[in-house]
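See structure below.
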4 protein chains.
Amino acid sequence: MKVAFVIRKDCKRCATIAKSIIELIPPDWEKIYDTEAAKFLGGVGKDITEISADIIIAIGGDGTVLRILQNAKGPVLGINMGGLGFLTEIEIDEVGSSTYKLIRGEYKINEAMKLKVYINGRRLEDCTNEAVVHTDRIARIRQFKIYVDGHFLTTIKSDGVIVATPTGSSSYSSSAGGPLLLPTVRGMVISYLAPYSSRIKPVVVPSESTVEIKIAGNDQDSLLILDGQKEYKIKSGDTVSISMSEEKARFVSFRESIYDRLRDKVIKHVVN
Amino acid sequence: MKVAFVIRKDCKRCATIAKSIIELIPPDWEKIYDTEAAKFLGGVGKDITEISADIIIAIGGDGTVLRILQNAKGPVLGINMGGLGFLTEIEIDEVGSSTYKLIRGEYKINEAMKLKVYINGRRLEDCTNEAVVHTDRIARIRQFKIYVDGHFLTTIKSDGVIVATPTGSSSYSSSAGGPLLLPTVRGMVISYLAPYSSRIKPVVVPSESTVEIKIAGNDQDSLLILDGQKEYKIKSGDTVSISMSEEKARFVSFRESIYDRLRDKVIKHVVN
Amino acid sequence: MKVAFVIRKDCKRCATIAKSIIELIPPDWEKIYDTEAAKFLGGVGKDITEISADIIIAIGGDGTVLRILQNAKGPVLGINMGGLGFLTEIEIDEVGSSTYKLIRGEYKINEAMKLKVYINGRRLEDCTNEAVVHTDRIARIRQFKIYVDGHFLTTIKSDGVIVATPTGSSSYSSSAGGPLLLPTVRGMVISYLAPYSSRIKPVVVPSESTVEIKIAGNDQDSLLILDGQKEYKIKSGDTVSISMSEEKARFVSFRESIYDRLRDKVIKHVVN
Amino acid sequence: MKVAFVIRKDCKRCATIAKSIIELIPPDWEKIYDTEAAKFLGGVGKDITEISADIIIAIGGDGTVLRILQNAKGPVLGINMGGLGFLTEIEIDEVGSSTYKLIRGEYKINEAMKLKVYINGRRLEDCTNEAVVHTDRIARIRQFKIYVDGHFLTTIKSDGVIVATPTGSSSYSSSAGGPLLLPTVRGMVISYLAPYSSRIKPVVVPSESTVEIKIAGNDQDSLLILDGQKEYKIKSGDTVSISMSEEKARFVSFRESIYDRLRDKVIKHVVN
């Protein structure tokens, strides 16, 4: 068994949590650290892109989990160090009991859709949450053309366009007014940041579809942001293409059903 | 070939359109009328529930189309006599050319998901657009419990809950803030009328799922409305169950792709 | 000093709270009961329309407060017996301490705008929260024409139209997507229930304006609902006119500023 | 009479329009040009900040009008050269007839509220539409604290916060889900770009209030953008203060009432 530890940048508390787990897991399990964890725990850290393990323990927040899923190989167990933590499985006070479950193999691996993203045919990192095409100048609306499977869908004036997976539907896309997609839905959702017209609604497309976004007009440079982690410049005439990846995001889970998770993380306390 | 004509109630203009089609189609095609059409065209009209044909020509609006899909058997060709006409295929000025296409067999039959709906295990009419559970007293919010595949999802206080097909996602569900589902999406959308809390978002669930809605609390009588056509009373403790029907809604279409239709009917003029 | 007690229908717990207050207040203060409170507390109850007092203690929820403001005369102190209680000032566990503040005169009277409402020139009850014009048949959209100060604003297809005061802006209007108006804003907000088009936005108009709503088309009977308490039938051709009343809603308050109240009641826990 | 001409950057067509107006107006009227107009029309152009006139003719779009109102002195007559043109009064085909009205004095000057904006007590340019505080890194949500008249209102996680005048309520604030404020409303609206929580609603505050926005947390550099024209960097701890300016935006208008303008520009074609 090979366990990797990846922690949030400069987070000493995260390293302390890592240490407490390391003390509990069997001595014959192989442990590897990313460069951040190695700063605090000693040893030689690996760059996140070189990490491959049976379980990757992410200590931090959703950003840490997304960075792992974008760069490393292996199922992720996220430990939430603050914030809402849609993608983290456990809270700090569950670290001990969850480690024992890990040792006893009492966990499941849930798979989730990832997006593959191209600019003009060049493949970039996969996304677990969403790809965002956004004006590169704040408060300067852009005009985007959206195609599904080669068919023109609409032209939209907005600050940006988001294409999100079901996992990502509770994140940035939700802030943009997008619906929640249950993890079992085979689809993606297209939503819009500050659309000029309120006529356009978020659109749900099948997971087999390819969504293309083109920047209309000249002098409309924009940015492509993948999972809030990586940024690429795009310019008028460029085509961003987004579809389902062959790769899956894999999450270690101790919960019985995805509905438990949904209620815990996404839909709590709605009545009032 | 057997062609049925169903028209909007008391619509003389609709009957005139029907007549103009009848004059064009081959004399050996069998023609049948619903009771409304027969009022104007003569002959013995059939009750809509007894109509079964190779093509059913609906002259009126979306209501006429929905009533046919709920009661009759056969693919529908809708002729729009006013209003937006999401479900009608052609406008009045296309009647002539479209009739010739019909005669030459130059059309497709598109299938769309229907919902089957139960109250306490008793099956009701199928829906093409949506099933709505709604308070029976205006401006008196109700509390609904929503389950997906037997798992509790959330409790919602609102005027009502809508479960819509992709076809219905551009109708009442859209007025309630729901997203647009492309016709190719295998899913349904749950949206809410005047929800007390703005925290809850419309939820997209897979087409294989069963959505159950229960009325929470006592003294909370409500209504179940199917496609805006049929109304049933429900009371506290009753369970409304909604899932994909074995039956399909079938539409006669002259368009090349569903995207043409989408742009024509749903997503036009978004830029300004 | 004359104190009136009005309680929620059939609420024995409410009567118990009333009793505990009565035991604390000076014996020379005059106490009067509404018919509901009298059922439990003895004595001769007054109809709510006959109640006039220096302070009216409302024990129940927002409905009880709204009913008093619609029918009785005097500033209201609301005690929340469950629910969110936008219009109630105190919770059950504050009853003792608040009664002492009342006795010592340590309270303020806050005034809030009320709406006066006419159907075809006939004046109805004033509203503290909102007037709603709503289709009388569920899921049957109506077409409403809206005028401001005699000028045509727009035609809207929807389930209903709401005109709300700043006080009511956090209630039903908010469920319909309306903004929050600070209590100090001299304005009203027009919002829409399930509008057919998402192009129309809620509109804020000055408090001096008169909003008129007409039902367009024939056969479009609707309902006018005042503060969720009183219902009137309206029919095609009728005009509902809504403007600022000369009367004010008066609330007993122990809070230092309206912002304390806003944060407590309306805007809490927004960050997550 | 002194008339100034300001045109969109590098817009030769705009200069042609200017020329056609110049040929119509009386020879004894003084004409001045901004540097852009002078490029095409000859003569010595003035910097926009030095322009002061009885009427300033803006040929371009809303950006041109906003730039004039931010920098020059005098009432503006906007000619729309493309785009929606909320702030422009006339279309190209009305230039001739409108110039004659101008000569005959058949116009009104409408005044509209402007915002004065401070960073840490330093006054910046006034705004006609809105002031936006926005994260300086795309897709990186910030936490903002909002105060009204010194009272803490709420903390909001979002891409940005907008404070808009009634004039600006139909622009960027509307894209962010804000309501429309009639020009006669004495208020401002606070709305949010991609808010993390959907619980928070746009808030309308009185025009006499001062809205303060502070950036919460460290390392949260942001931008302040005034009318989409001027940009300032702000950092953690800085306070942006927004209130009603003593100055007014003044618009030349040929319309009889503000409602004509509203319907033409903002609320058209709502029914379908």
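Some observations on this one:
- Applying the condition of being more than 23 Å from A:Glu208 (Cβ to Cβ) and in contact with a helix residue (DSSP H, G or I) (Cβ under 7 Å, 6 or more places away or on another chain) to the stretch B:166-207 and asking which residue is modelled with the highest pLDDT yields B:Ser191.
- For the stretch A:62-117, the tally of residues that are closer than 25 Å to D:Ile141 by Cβ and of a type in the set (Val, Ile, Thr) stands at 9.
- Set A:Gly42, A:Gly74, A:Gly85: member being without any contact (Cβ under 8 Å) to a residue 12 or more places away in the chain and small (Gly, Ala, Ser): A:Gly42
- Residue within the stretch B:89-98 that is farther than 17 Å from B:Thr16 by Cβ and buried (at least 18 other Cβ atoms within 10 Å of the Cβ) present: yes
- Restricting B:Ala58, B:Ala37 to those that are under 10 Å from B:Val6 (Cβ atoms) and in a helix (DSSP H, G or I) reduces the list to B:Ala37.
- Identity of the residue in the stretch B:241-268, in a loop (DSSP other than H, G, I, E, B) and charged (D, E, K, R), that ends up modelled with the lowest pLDDT: B:Lys268
- Residue within the stretch B:82-90 that is in a strand (DSSP E or B), modelled with pLDDT under 95 and either within 22 Å of B:Lys248 (Cβ to Cβ) or assigned by the TED database to the domain that holds B:Leu226 (or both) present: yes
- Selected residue [more than 28 Å from C:Asp62 (Cα to Cα) and not charged (D, E, K, R)] from C:Tyr118, C:Tyr147: C:Tyr147
- Failed item in (1) open to solvent by 40 Å² or more (accessible area, probe 1.4 Å); (2) closer than 28 Å to D:Ser197 by Cα; (3) acidic (Asp, Glu), with A:Glu106 passing the rest: (2)
- Scanning the stretch B:215-228 for residues that are more than 30 Å from D:Tyr196 (Cβ to Cβ) and more than 23 Å from the chain's Cα centre (by Cα), we see that the one that is surrounded by the fewest Cβ atoms within 10 Å (Cβ to Cβ) is B:Asp219.
- Residue among C:Ile68, C:Ile56 that is out of contact with any Ser or Thr (no Cβ under 7 Å at 6 or more places or on another chain), without any contact (Cβ under 8 Å) to a residue 60 or more places away in the chain and within 23 Å of C:Ala131 (Cβ to Cβ): C:Ile56
- Subset of the stretch D:163-206 [small (Gly, Ala, Ser) and over 13 Å from the mean Cα position of the chain (by Cα)]: D:Ser174, D:Ser175, D:Ala176, D:Gly177, D:Gly178, D:Gly187, D:Ser191, D:Ala194, D:Ser197, D:Ser198
- Scanning the stretch D:113-142 for residues being away from chain A (no Cβ under 14 Å), at positive phi and not polar (S, T, N, Q) gives a total of 1.
- Selection status of A:Ser197, among the small types (Gly, Ala, Ser) and either open to solvent by 60 Å² or more (accessible area, probe 1.4 Å) or part of a loop (DSSP other than H, G, I, E, B) (or both): yes
- For the stretch A:26-61, the set of residues classified as under 23 Å from the mean Cα position of the chain (by Cα) and open to solvent by 30 Å² or more (accessible area, probe 1.4 Å) consists of A:Tyr33, A:Thr35, A:Lys46, A:Asp47, A:Thr49, A:Glu50, A:Ser52, A:Asp54, listed by residue number.
- Subset of the stretch C:125-158 [within 28 Å of B:Ile225 (Cβ to Cβ), of a type in the set (Ser, Thr, Tyr) and in contact with a Leu (Cβ under 6 Å, 6 or more places away or on another chain)]: C:Ser158
- Test: residue in the stretch A:113-136 that is in contact with a strand residue (DSSP E or B) (Cβ under 8 Å, 6 or more places away or on another chain), of a type in the set (S, T, N, Q), surrounded by fewer than 23 Cβ atoms within 10 Å (Cβ to Cβ) and at pLDDT below 95: yes
- Residue in the stretch B:65-75 that is within 21 Å of the chain's Cα centre (by Cα), assigned to a strand (DSSP E or B), buried (at least 24 other Cβ atoms within 10 Å of the Cβ) and not β-branched (Val, Ile, Thr) present: no
- Going through (1) surrounded by fewer than 23 Cβ atoms within 10 Å (Cβ to Cβ); (2) not in a helix (DSSP H, G or I) one by one, B:Ile79 falls short only on (1).
- Among the numbered conditions (1) farther than 30 Å from C:Tyr100 by Cα; (2) surrounded by fewer than 17 Cβ atoms within 10 Å (Cβ to Cβ), the only one that C:Ile242 does not meet is (2).
- Applying a threshold of 7 Å to beta carbon distances and a minimum spacing of six or more residues, or different chains, the list of pairs starting in the stretch A:179-204 at a residue that is within 14 Å of chain D (Cβ to nearest Cβ) and ending at one that is of a type in the set (Lys, Arg) and surrounded by fewer than 21 Cβ atoms within 10 Å (Cβ to Cβ) reads A:Ser198/C:Arg199; A:Arg199/C:Arg199.
- Single residue of the stretch D:180-194 satisfying the filter (out of contact with any Gly (no Cβ under 7 Å at 6 or more places or on another chain) and closer than 17 Å to C:Ala164 by Cβ) that is least open to solvent (accessible area, probe 1.4 Å): D:Leu182
- When restricted to residues that are open to solvent by less than 10 Å² (accessible area, probe 1.4 Å) and not in a helix (DSSP H, G or I), the stretch B:1-24 contains 5.
- When D:Glu208, D:Glu212, D:Glu231 are checked against the criterion of being open to solvent by 40 Å² or more (accessible area, probe 1.4 Å) and within 11 Å of chain A (Cβ to nearest Cβ), D:Glu231 stands alone in meeting it.
- Pick from the stretch C:137-167, criterion among the basic types (Lys, Arg) and closer than 15 Å to C:Pro202 by Cα, ranking: most open to solvent (accessible area, probe 1.4 Å): C:Lys145
The values are calculated or read from the model by the stated rules, or taken from the named source; none is laboratory data. Remember, it's a predicted structure, so these values are computed and weren't measured experimentally. Positions of Cβ are backbone-derived with ideal geometry, glycine not excepted, and every protein chain shown enters the neighbour counts. Note: areas computed on protein heavy atoms with side chains; ligands, DNA, RNA excluded. Shrake-Rupley method; radii C 1.70, N 1.55, O 1.52, S 1.80 Å.
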